[in-house]
Amino acid sequence: MGNGCLSNGWSIISSASTNSQLAGVLAGFIFTGVTISLGRPGSRNARALELLCAAFVVLGFDSYLFSLVAGGNADPICARVWSEGMPASGMLAVGGLSVVTAITWMLAGRTSPHEDASPADDRDNSMISLDRLARFMAHGVAVAVTLLLASTTFSYLLVVYPHHILPELGWSVGLSPLVVGSASIVLSWYRSKNPTSKLTSRISTVSLKAASYEILAYAVLGPVFAGYVDTVTVIDWRKSLGLLATSALLFGLYIPSLLLIALVQAIAPAERAKSG
């Protein structure tokens, strides 16, 4: 700390402007999708709108957070700027999976556009395949973004602790993708065994509502933490480095991992088409 933020190698600061644009573009597409979907009836479409609204808020704030990080390349406390980028990375991951989970609800119960020209059995199989594709997409995105968050977190730890990373922190970061991946596999296995059970539908609906409110809370607390970090002086950083670094891990990895699991639980349940 105290020598500014180096630009060699990968840096969350160097990529912040691009991530800010990405979050802003995603938020713009979500706003358009929400506007179009407001006139579409159906309970599944309404549930998708819940997640899209939450995703719009978190990605909107995230775009601003990344722009804040992009402007901190001359900050004398490099760890402070990286700490601001941690919740920004977590919010981007959560917002992205929220969109994918919402898509599973939009695709649930939908068939191919050529269903009228197909036999009843083909329509049924087409719908099941589309549902399966949507769920597979959500599970894959959950694991992929957790791996990216873990990689970003390791880079953050190297900035905060350049000489020695605490083993406890290293293990917790390394295990986070395994936890999210295991939860994704278990939930996928249970859904495959009970695709149309009432319990599966109940878990998806309750998890969706809970995840929507939790994402909104995270969308507010993340920028609040980043704003507080921006006010910390050099002396305070040296005194409270452990606490601030742990808080950054909380907002940048641990909370997002829990929200990713909740979003995996909120994936729309399979629905078999009615023939005839």
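No value in this document is a laboratory result; all are computed from the given coordinates. Quick caveat, the model's predicted, so the values are computed rather than measured. Note: ideal-geometry Cβ built from the backbone for every residue, glycine included; neighbour counts use all protein chains shown.
Please compute, for the alpha-carbon atoms of the stretch 163-228, the extent along each of the three principal axes and give them in descending order in Å.
Reported extents, whole Å, longest axis first: 52, 29, 10.
Given labels modelled 7 Å from the Cα in the Cβ direction, how far is it in nm from Ser182 to Arg238?
Each label point is offset 7 Å from its Cα along the Cβ direction, giving 4.1 nm.
For Ser20, what charge total do you get from the other residues with a beta carbon under 15 Å from its beta carbon, if Lys and Arg give +1 and Asp and Glu give -1? Mind showing how you got there, number by number?
Details: positive: none; negative: Asp62, Glu84.
Here the charged neighbours net out to -2.
Mind running the shape call on the stretch 172-269? Use the C-alpha gyration tensor, a ≥ b ≥ c as the square roots of the eigenvalues: rounded below 1.5 for a/c, prolate if a/b tops b/c, oblate otherwise. Could the numbers behind the result be given before it?
Numbers: a/c = 5.99, a/b = 2.27, b/c = 2.64.
Cα axes put the stretch 172-269 in the oblate bin.
Order of 210-220, 85-95, 230-240 by packing, highest average Cβ count within 10 Å first? Kindly include the intermediate steps, with their values, before the conclusion.
Working: 210-220: 18.5, 85-95: 29.0, 230-240: 12.4.
Descending packing order for the listed peptides: 85-95, 210-220, 230-240.
When every alpha-carbon pair in the stretch 16-265 is counted, what percent end up more than 24 Å apart? Working shown, then result.
Numbers: 15480 of 31125 pairs.
When every Cα pair of the stretch 16-265 is considered, 50 percent fall beyond 24 Å.
Output wanted: per-residue J couplings in Hz (rounded whole) for the stretch 61-77, from phi through Karplus 6.51 cos²θ - 1.76 cosθ + 1.60, θ = phi - 60°, x for Gly and Pro.
Listing the rounded values in order: 5, 5, 4, 5, 4, 5, 5, 5, 5, 4, x, x, 5, 9, 5, x, 10 Hz.
Could you run the Karplus curve 6.51 cos²θ - 1.76 cosθ + 1.60 with θ = phi - 60° over the stretch 135-151 and give me ³J(HN,Hα) per residue in whole Hz, x for Gly and Pro?
In residue order, the calculated couplings are 5, 4, 4, 5, 4, x, 5, 4, 5, 5, 5, 5, 4, 5, 5, 5, 5 Hz.
Suppose R0 equals 41 Å; then what is the FRET efficiency for Ala46 and Thr246 from their Cβ-Cβ distance, rounded to the nearest 0.05? Before the final figure, lay out the partial values.
Numbers: r = 39 Å, r/R0 = 0.95.
E between Ala46 and Thr246, to the nearest 0.05, is 0.60.
Quick one: if you stick a label point 7 Å off each Cα along the C-beta vector at Lys209 and Tyr161, how many nm between them?
Going from the Lys209 label point to the Tyr161 one covers 4.2 nm.
Using θ = phi - 60° and the Karplus relation 6.51 cos²θ - 1.76 cosθ + 1.60, list the HN-Hα couplings for the stretch 156-173 in order, rounded to whole Hz, with x at every Gly or Pro.
Result, rounded to whole Hz: 5, 5, 5, 6, 6, 10, x, 9, 7, 8, 4, x, 4, 5, x, 5, 5, 5.
What does the charge add up to near Thr205, with Lys and Arg as +1, Asp and Glu as -1, over the other residues with Cβ less than 12 Å from its Cβ? Write out the running numbers ahead of the final one.
On the way: positive: Arg44, Arg47, Lys198, Arg202, Lys209; negative: Glu50.
Here the count lands on +4.
Among 57-67, 11-21, how do they line up by average Cβ neighbours within 10 Å per residue, starting with the highest?
Details: 57-67: 23.8, 11-21: 18.5.
So the order, starting with the most tightly packed, is 57-67, 11-21.
Going by average Cβ density within 10 Å per residue, which order do the peptides 71-77, 151-157 take, highest to lowest?
Numbers: 71-77: 15.6, 151-157: 19.0.
Output ranking for 71-77, 151-157: 151-157, 71-77.
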